[in-house]
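A.B. asks: Questions regarding the structure given below will be posed in turn.
Taken together, the values in this text are just the output of simple stated rules run on the coordinates, not laboratory data. Quick caveat: nothing in here was measured; it's all calculated off a predicted structure. Glycine gets a Cβ as well: all are built from the backbone with ideal geometry, and neighbour counts include every protein chain shown.
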Amino acid sequence: MPVGRYVSVGENRFFVREHANAGKPTLVLLHGLVASTWLNWRLVFGALKDDFHIIAPDLRGHGRSHPGREAFTIEAAADDVAGILKAMQVENAIFAGYSLGGAVAQLIWRRHPHIVDGLVFTATGFSGSMTGSRDSQVVRTTMDAMVGSLRLMEMVRLLRRRMRVSRRALGLPAKRRNKAPRSERRLAVSEVRRNNMRAVCEAARAIMYHDASGWIDEIDTVSAVLATTKDNIFSLDHQCELAERIGARVFEFESGHLAIQDENYGKAIAAACCNVANRSLNNRPVLRSFKGFSPAVI
């Protein structure tokens, strides 16, 4: 994965990894819930880096990005990503969204269609699991209570931090940090711990109630759906309905909602992204096709 840097959008700061690849289409990778760019895309980056100029932000409150003062909503996350591209002077891109990132990509198209060259959805749907549920009010109340508690905890931690006297001010030596190399598993745990739990809970609430069924048919840009066939969060039927409603090419990958951990997933997502790029960007070099990963007949 490329090293990252912080990009400011208004009062908020976002951690963004960028792989510069002059002359290639720009691909924006949007990660899933509780994940970060590193957690979500590190195993597939090698399959994408030759064909695309890649921009991969940590969404607000995830990974190294700041949570901001406002609640996490999918609309706000979409505006964040559009703001990041504007700050980086990127005019348009193809957006590939995984799970929560797919919902964000849908709202980017709805709110900022002029920056969208194409869309790739994977392990995602267009209607959240709690939409229309009889238990939705109970879940909503529980989530609201959790978010409220976490906001209170944030305020307490901030107050303690401002009252704390630094070791340097007391004339004490700085604490020594363990520089020993860490295993990938420990790195993954460390990356998850970077998440702001309030923002993650707000994001979970947002994806449960995300419902684009009233306007998803309006998406008219070139698109593809990489369907995870054994997904127990968004069923294969639901993912295929998404593809049918937006006229997307369908690719299949035999795995569940955590397909991103499969070492073969990189070729599958690269095939879908290259397919969209080849169909959407005229007068550009034709990108690779991938043997064994062609659009499925559903």
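A.B. asks: Please work out the FRET efficiency for the pair Glu70 and Asn232, using the Cβ-Cβ distance as r and a Förster radius of 25 Å; give the result to the nearest 0.05.
C.D. replies: In this case the efficiency is close to 0.20.
A.B. asks: By average Cβ neighbour count within 10 Å, what is the ranking of 225-233, 42-50 from highest down?
C.D. replies: Sorting 225-233, 42-50 by mean packing, highest first, produces 225-233, 42-50.
A.B. asks: Oh, and also: Arranged from highest to lowest average of other beta-carbon atoms within 10 Å per residue, in what order do the peptides 111-123, 90-102 appear?
C.D. replies: Final packing ranking: 90-102, 111-123.
A.B. asks: What's the Cα-based Rg to Rh of the range 207-266, Rh via Kirkwood?
C.D. replies: Dividing the radius of gyration by the Kirkwood radius yields 0.99.
A.B. asks: Within 14 Å, Cβ to Cβ, of Val16, how many net charges do the neighbouring residues add up to if Lys/Arg are +1 and Asp/Glu are -1?
C.D. replies: Residues close to Val16 contribute a combined charge of +3.
A.B. asks: Sticking with this structure for a sec: Sort 258-264, 66-72 for me by packing, meaning the mean count of neighbouring Cβ atoms within 10 Å per residue, highest on top.
C.D. replies: Per-residue mean Cβ counts within 10 Å order the peptides as 66-72, 258-264.
A.B. asks: Binned at 10 Å from 0, what are the whole-percent values of the Cα-Cα distance distribution for the range 2-74, short to long?
C.D. replies: In whole percents, the pair-distance histogram is 20, 50, 25, 5.
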